[in-house]
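Asks: Below is a structure I'd like to ask you about.
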Amino acid sequence: LAITASGFEAADYEITTIAGTLTITPAALEIRANDLTITYGDVRPTLTATYTGLVNGDTAASLAVAPNLVLSASDLRAGTYEIVATDAADPNYSITFVPGTLTVA
């Protein structure tokens, strides 16, 4: 965005203005897949995420492209599995993804 100054007057001075530039950089946004725990045999849980860094009243629904939350396993036996957030995008944010963990007890 261009910035210009105007309206300056002084009888004893010759005033010259120089245009400036305002640069707006994307805000840092972290999308963290939430850790979950279930018992073996339970239904597959709904994967969720936590958003840290949203500004100006934005919510997760404000993102141009919503994240996908993906579980690293299709057959859930007792153990630990990674939950990964991917694909979210928005020109107003520099997005970092942090994986979570599903523990099947």
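Asks: So what J values fall out for region 56-72 if you push phi through Karplus, 6.51 cos²θ - 1.76 cosθ + 1.60 with θ = phi - 60°, rounded to Hz, Gly and Pro as x?
Replies: 6, x, 5, 10, 4, 5, 6, 5, 4, 10, 6, x, 9, 10, 10, 8, 6
Asks: Subtract the Cα-Cα distance of A105 and A89 from 0.36 nm times their separation in residues, and report this length gain in nm to one decimal.
Replies: Once the chain is fully extended between A105 and A89, it gains 2.4 nm.
Asks: So, taking all protein chains as they sit and a 1.4 Å probe, how much accessible area belongs to R32, in Å² rounded to tens?
Replies: 100 Å²
Asks: Next question, about the same structure. Can you give me the distance in nm between label points at T52 and I18, each placed 7 Å from the Cα along the Cα-to-Cβ direction?
Replies: Here the answer is 4.1 nm between the modelled labels.
Asks: If you filter region 1-86 for chymotrypsin sites (Phe, Trp or Tyr not before Pro), then keep DSSP loop positions with at most 12 other Cβ within 10 Å, what is left?
Replies: Answer in residue order: F8, Y13, Y40.
Asks: Quick one: give the max-minus-min coordinate of the C-alpha atoms of the chain along each principal axis, largest first, in Å.
Replies: Principal extents (largest minus smallest coordinate, Cα): 84, 19, 18 Å.
Asks: Using a 1.4 angstrom probe on the protein heavy atoms only, could you order S6, S72, S62 from most to least accessible area?
Replies: S6, S72, S62
Asks: Further question on the same structure: Need one value: the accessible area of I15 in square angstrom, 1.4 angstrom probe, rounded to the nearest 10.
Replies: About 80 Å², rounded to the nearest 10.
Asks: Probe of 1.4 angstrom, ligands and nucleic acids ignored: what's the accessible area per residue over the chain, in square angstrom?
Replies: Per-residue value: 69 Å².
Asks: Follow-up question, since we're still on this one. Long-range amide H contacts for T101: which residues qualify at under 5 Å (H placed 1.01 Å from N, peptide plane, sequence gap of 5 or more or a different chain)?
Replies: So T101 has HN proximity to D35, L36, I83.
Asks: Report the Rg/Rh value for region 23-83, based on alpha-carbon coordinates and the Kirkwood definition of Rh.
Replies: My calculation of the ratio gives 1.10.
Asks: Another question about this same structure. Express in nm, to one decimal, how much length is gained between I3 and D42 on full extension, taking 0.36 nm for each residue of separation and deducting their alpha carbon distance.
Replies: Residue separation times 0.36 nm, minus the Cα-Cα distance, leaves 8.1 nm.
The values are calculated or read from the model by the stated rules, or taken from the named source; none is laboratory data. The shown structure was predicted, so the numbers you read here are calculated from the model rather than taken from an experiment. Glycine gets a Cβ as well: all are built from the backbone with ideal geometry, and neighbour counts include every protein chain shown. Accessible surface areas use protein heavy atoms only, side chains included; no ligands, DNA or RNA. Shrake-Rupley method; radii C 1.70, N 1.55, O 1.52, S 1.80 Å.
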